[in-house]
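The block underneath contains the structure these notes are about, expressed in structure tokens.
Please treat every number below as a calculation from the coordinates, not as lab data. Please read all numbers here as calculations on a predicted model, not as lab measurements. Cβ atoms come from the backbone with ideal geometry, glycine included; neighbour counts cover every protein chain shown.
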Amino acid sequence: MIFITDLAQRVICSEEPSLSFASLLERNHVEFLDLLHTDVEGFDYELLKMFDFTRHRPRLLIFECLHLSAAELVACKAYLRQHGYETMDEGMDTWCMNMQDTQPHDESLIKLWRQLRQRLGDRRMEFA
């Protein structure tokens, strides 16, 4: 599945300063995440495996599934289910709701989530 046919010619390699996601959160004194959204061109599952779900449990997580193989997507969803997330594919993304750490004030959000899952189901966009 190739969406951008000349992608290899567009890639430029360079070294840039970086830090881990955990360091970024610590540096900015982030205690709670409502939303984590990734789009790292096929490395989303690898990135999510490095995320510390014991310390940070975003209420909503969205990752791009377009560039994942079918096997990687299945594995990624299973991994997230192990961490208490329900998933739903929509277009090029997979949406995930943290159902394990819900609070009473999350009731409206959970109701909306369930309505969306029922109405939309899984609608993954496929590109040849």
- Message: Explain nothing, just the number: dipole magnitude of the chain about its Cα centre with +1 on each Lys and Arg Cβ and -1 on each Asp and Glu Cβ, in debye rounded to the nearest 20.
- Response: 500
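Want the number for residue 35 to residue 11: 0.36 nm per residue separation, take away the alpha-carbon distance, what's left?
On the way: separation 24, 0.36 × 24 = 8.64 nm, distance 2.86 nm.
Result: 5.8 nm gained on full extension.
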- Helix-derived [θ] at 222 nm for the chain: sum -39500 (n - 2.57) over DSSP H runs of at least 4, divide by residue count, nearest 500? -10000 deg cm²/dmol
- Output for segment 47-104: trypsin sites (Lys or Arg not before Pro) sitting in coil per DSSP, at most 13 other Cβ within 10 Å, listed by number, reads 55
- Message: 5 Å is the cut-off here: which amide hydrogens, built 1.01 Å from N in the peptide plane, fall below it relative to residue 85, excluding neighbours closer than 5 in sequence?
- Response: 99
- In terms of the alpha carbon gyration tensor, root eigenvalues a ≥ b ≥ c, rounded if a/c is under 1.5 and otherwise prolate when a/b exceeds b/c or oblate, the chain is oblate
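Among the GluC sites (Glu not before Pro) within segment 22-128, which fall in a DSSP loop and have no more than 14 other Cβ atoms within 10 Å of their own Cβ?
31, 41, 126
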- Go through 79, 12, 63 and say which Cα lies farthest out towards the positive end of the charge dipole of the chain; charges sit on Cβ, +1 for Lys and Arg, -1 for Asp and Glu. 79
